[in-house]
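Presented below is the structure to which this report refers.
The values are calculated or read from the model by the stated rules, or taken from the named source; none is laboratory data. Predicted model, so just to flag it, every value in this text is computed and none were measured. For neighbour counting, all protein chains shown are included, and Cβ atoms are generated from backbone atoms with ideal geometry for every residue, glycine included.
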Amino acid sequence: MTVRVRFFASLRERLRASAVERELPSGATVAELLALLHEDFPAFAGSGRVSIAVNAEYVDPRHSLADGDEVALIPPVSGGCLRPGASE
């Protein structure tokens with residue numbers, strides 16, 4: 001089966017890719033996909049915790065993938081700061 005993986009924010013910059021497609025055996029899980037990505041992208045290893053969404057629904061690494069799924073990997077994003085003089 002083929003899945004499309006999209007990288008967001010700092011992860012996209014770190015891996016120098018916004019999206020890739022990967023072939024996986026039928027019934028593969030997100031965890032298996034992540035292991036493959038660690039092999040393909042050594043820089044992925046230092047990326048820390050990421051949120052995972054499959055077809056726009058957040059899932060955990062045990063989630064089983066299906067042919068044509070879109071997997072989004074989203075690193076934590078911190079908020080901005082208030083403008084000088086702005087009240088909380």
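Residue-wise test of (1) in contact with a strand residue (DSSP E or B) (Cβ under 8 Å, 6 or more places away or on another chain); (2) among the aliphatic types (A, V, I, L, M); (3) within 15 Å of residue 71 (Cα to Cα).
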| position | (1), (2), (3) |
| --- | --- |
| 13 | no, no, no |
| 18 | yes, no, yes |
| 22 | yes, no, yes |
| 25 | no, no, no |
| 28 | yes, yes, yes |
| 33 | yes, yes, yes |
| 42 | no, no, no |
| 48 | no, no, no |
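State all residues of the range 36-68 that are surrounded by 15 or more Cβ atoms within 10 Å (Cβ to Cβ) and either of a type in the set (D, E, K, R) or touching a residue at least 60 places away in the same chain (Cβ under 8 Å) (or both); if no residue qualifies, say none.
65 - this is the single residue of the range 36-68 that is surrounded by 15 or more Cβ atoms within 10 Å (Cβ to Cβ) and either of a type in the set (D, E, K, R) or touching a residue at least 60 places away in the same chain (Cβ under 8 Å) (or both).
Going through the range 29-59 one residue at a time, which ones are part of a loop (DSSP other than H, G, I, E, B), on the phi < 0 side of the Ramachandran plot and either modelled with pLDDT of 95 or more or of a type in the set (Gly, Ala, Ser) (or both)?
Answer for the range 29-59, where residues must be part of a loop (DSSP other than H, G, I, E, B), on the phi < 0 side of the Ramachandran plot and either modelled with pLDDT of 95 or more or of a type in the set (Gly, Ala, Ser) (or both): 47, 59.
Report, by residue number, each residue of the range 1-28 that is outside any strand (DSSP E or B) and among the aliphatic types (A, V, I, L, M).
1, 9, 11, 15, 17, 24, 28
Just the residues that are touching a Leu at 6+ places or on another chain (Cβ under 9 Å) and not hydrophobic (A, V, I, L, M, F, W, C), please, taken from the range 50-66.
51, 61
Please tell me if residue 56 is within 13 Å of residue 6 (Cβ to Cβ), under 11 Å from the mean Cα position of the chain (by Cα) and not aromatic (Phe, Trp, Tyr).
Taking the combined requirement at face value, the residue does not satisfy it.
Out of the residues in the range 62-88 meeting the condition of being part of a loop (DSSP other than H, G, I, E, B) and modelled with pLDDT of 95 or more, tell me which one is farthest from residue 5 (Cα to Cα).
Top of the filtered list is 62.
For the range 11-31, which residues satisfy the criterion of being among the charged types (D, E, K, R) and surrounded by 15 or more Cβ atoms within 10 Å (Cβ to Cβ)?
Within the range 11-31, 12, 14, 22 qualify.
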